[in-house]
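The values are calculated or read from the model by the stated rules, or taken from the named source; none is laboratory data. Keep in mind the model is a prediction, meaning the values are calculated, not measured. Note: ideal-geometry Cβ built from the backbone for every residue, glycine included; neighbour counts use all protein chains shown. What goes into the accessible areas is simple: the full protein's heavy atoms, side chains included, and nothing from ligands, DNA or RNA. Shrake-Rupley method; radii C 1.70, N 1.55, O 1.52, S 1.80 Å.
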Amino acid sequence: MSIRAAGLVKRFGDFTAVAGVDLTVEPGSIHGFLGPNGSGKSTTVKMLTGLRIPTAGTVEINGISLAADPVAVKRTIGVLPEDLALFDALTLWEHLTLAGPLYGLTAAETEQRAGQLLRYLDLFDERHTEAGQASYGMRKKTAFALALLHNPKTLFLDEPFEGIDPSSAENMRELLVGLAAKGAAVFITSHILDVVEKLVGTYSILSGGKVVASGRTGDRPLKDVYFEHIPRPAGEDFTWLG
Amino acid sequence: MARLGPLLLSLVKIRWRTLLGRGNAEITGEVLLLLGAAILAERVVAYLPQLPMPGVVAGLAVAWLGLSWGPEGVPGQFPLTRADRMLVRLTEVAVNPLSWVVLYVSVRVSPWAPLVAVLALFEWPVVKRGKRLSAGPSRWPALLRKDVRAAVRLFDTMMAGGIALMFVAYAVREPKMAVEAAWIVPVVLALSNSNLALNAFGTDQGTGFDRYLLLPMTGAEIVRSKTQSLLVLLGAPMALVSLAVFWRLGGAMGGTIVVECLSLLLLLAGWGAWTSVHSPYPMRAYRFSDGGSVFYGLAAFALCLAPGFAAASGQWWVRFVVLGLAAALAWQLTGAAGRRLESRRELIRARLP
């Protein structure tokens, strides 16, 4: 199993952000992790990737316990986190050349892969911009390239398409589909149901820190399943508007 | 005016809640720093000529602009006229206690002192806007290059560089260098860079710290990388000072200063690694006061004095005892910090913006 989480709980003082999440994601699948704002999606991703410590529960990624050997897990995963996790003082290119050797790539391999990724994401000409001076979209594409650079076995992407131009988003989708076809697992959180439905094979819907539904796309329209579990607020009179 | 009332009231609330809120030792540190300047002003005021009022006004104007670090983005969202914006700006400045400290210092000492300080601290575009400086040699490891590039934009590092250069200028102009200057300057260099040492992740901010956590590095490797950067950043001005001492005061005194510098580097590296993991805080480019725990800051101050006193003692064995203790402390604390970084990562992340 690429991702196996059991009984994941995260509390911040009295507030429970994640209240016992169980997850399994198989190799070669793209899994959508959905839910409204504040449902605990990003906190769960942070626990799965070692950015936060679970209050309770266990995480196993690619057969390795995250708690027992976090560095071994990090070598096998790629992460596009919510806040992108870039160093303001490094250029976009330097982020990639910094990361490559840490994942065991040679300098030549790193430069070749970094160049390919940045060209494909339409970022190559901007590669010498410092992250602190780059636009949000440029920073996000860099974080995406960083996540892919070492050919991870499992990829975690928190809202990957938000703030990305359409052509780059399409190229990103192609890369993800290709990666999954070769056996990697892709774990995506997103608010954009249409995008997710076209991309993912399996999904989980999170609400109030708990998984309230999970299944395979294609059985029923994802929107129907989502709104069944996450009802839309309704009933207000907006005749004053417009 | 009534229309702007809620907005102005909100700005006052934001300012005071930030100032009085928990974990704002940073702002307290700045207030203490300026109060210290005010106390010094009382001491030296008799020796300074009173300068004309236009200078006071100019100094305050610049100080106000720089010190009004309020939430500029908030008023920017509202349909405000030019006059409204001016009123908002003045309110931000007026409710900032730092403005009043600057006013006091300006009046008591000299309008030009705060003018120059504020220009350097708050208004210098290279510092404030993070304009690109030298990238550093490309063969340097990227993490070191990143740390150096971020650090050279800090006022701390600029001040250390300036002090080292002034010392060299002093050595060039004065063949009979004062021995006291030789052992005091490395301590001053260490103290001026203590912010960088005590808060190693401050320049990365939270998002950069997250990247450290995502990279396949152990806590010990992360701490080691930070220590390496500190040694380069602080070692460079110290090397310059040591060379000047060798030149003017000879090998024996030069050797003493090298031992002193090594002791200072090791002490700051060790203590800094520990405090960086245990008491991180947000860091700004134009601030050189210690914004973390007061205890950790005072301890760093005391630790930095030890090699200076050892150098001044005239006893060679005292210097080597201090060096040995510094090495032992560095070894123990960097190791402990590396081990503890993993378990404290959430706390560190939560304290960095």
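Listing for the model above:
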{"read-out": "Lone unmet requirement of (1) within 14 Å of chain A (Cβ to nearest Cβ); (2) without any contact (Cβ under 8 Å) to a residue 60 or more places away in the chain for residue B:153", "value": "(2)"}
{"read-out": "Residue list for region A:68-105, filter: of a type in the set (Asp, Glu), within 25 Å of residue A:210 (Cα to Cα) and within 7 Å of chain B (Cβ to nearest Cβ)", "value": "A:83"}
{"read-out": "Single residue of region A:154-179 satisfying the filter (farther than 17 Å from residue A:33 by Cβ and charged (D, E, K, R)) that is least open to solvent (accessible area, probe 1.4 Å)", "value": "A:165"}
{"read-out": "Number of the exception - residue B:135 against (1) in contact with a strand residue (DSSP E or B) (Cβ under 9 Å, 6 or more places away or on another chain); (2) modelled with pLDDT of 60 or more; (3) over 16 Å from residue B:196 (Cβ atoms)", "value": "(2)"}
{"read-out": "Considering residues of region A:106-116 that are out of contact with any Pro (no Cβ under 8 Å at 6 or more places or on another chain) and either open to solvent by 10 Å² or more (accessible area, probe 1.4 Å) or at pLDDT below 90 (or both) only, the residue farthest from the other protein chains (Cβ to nearest Cβ)", "value": "A:116"}
{"read-out": "Within region B:184-197, tally of residues that are assigned to a helix (DSSP H, G or I) and either within 14 Å of chain A (Cβ to nearest Cβ) or within 10 Å of the chain's Cα centre (by Cα) (or both)", "value": "6"}
{"read-out": "Residue that is farthest from the other protein chains (Cβ to nearest Cβ) [pool: residues in region B:198-213 that are open to solvent by less than 10 Å² (accessible area, probe 1.4 Å) and in contact with a Gly (Cβ under 8 Å, 6 or more places away or on another chain)]", "value": "B:198"}
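Residues checked against (1) in contact with a helix residue (DSSP H, G or I) (Cβ under 8 Å, 6 or more places away or on another chain); (2) touching a residue at least 12 places away in the same chain (Cβ under 8 Å); (3) open to solvent by less than 30 Å² (accessible area, probe 1.4 Å); (4) within 14 Å of chain B (Cβ to nearest Cβ):
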| site | (1), (2), (3), (4) |
| --- | --- |
| A:9 | no, yes, yes, no |
| A:14 | no, no, no, no |
| A:21 | yes, yes, yes, no |
| A:42 | no, yes, yes, yes |
| A:45 | no, yes, yes, yes |
| A:50 | yes, yes, yes, yes |
| A:56 | no, yes, no, no |
| A:66 | yes, yes, yes, yes |
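The rows are residues; the columns are (1) open to solvent by less than 20 Å² (accessible area, probe 1.4 Å); (2) of a type in the set (S, T, N, Q).
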site: A:76; (1), (2): no, yes
site: A:89; (1), (2): yes, no
site: A:104; (1), (2): no, no
site: A:118; (1), (2): yes, no
site: A:122; (1), (2): no, no
site: A:136; (1), (2): no, no
site: A:139; (1), (2): no, no
site: A:145; (1), (2): yes, no
site: A:149; (1), (2): yes, no
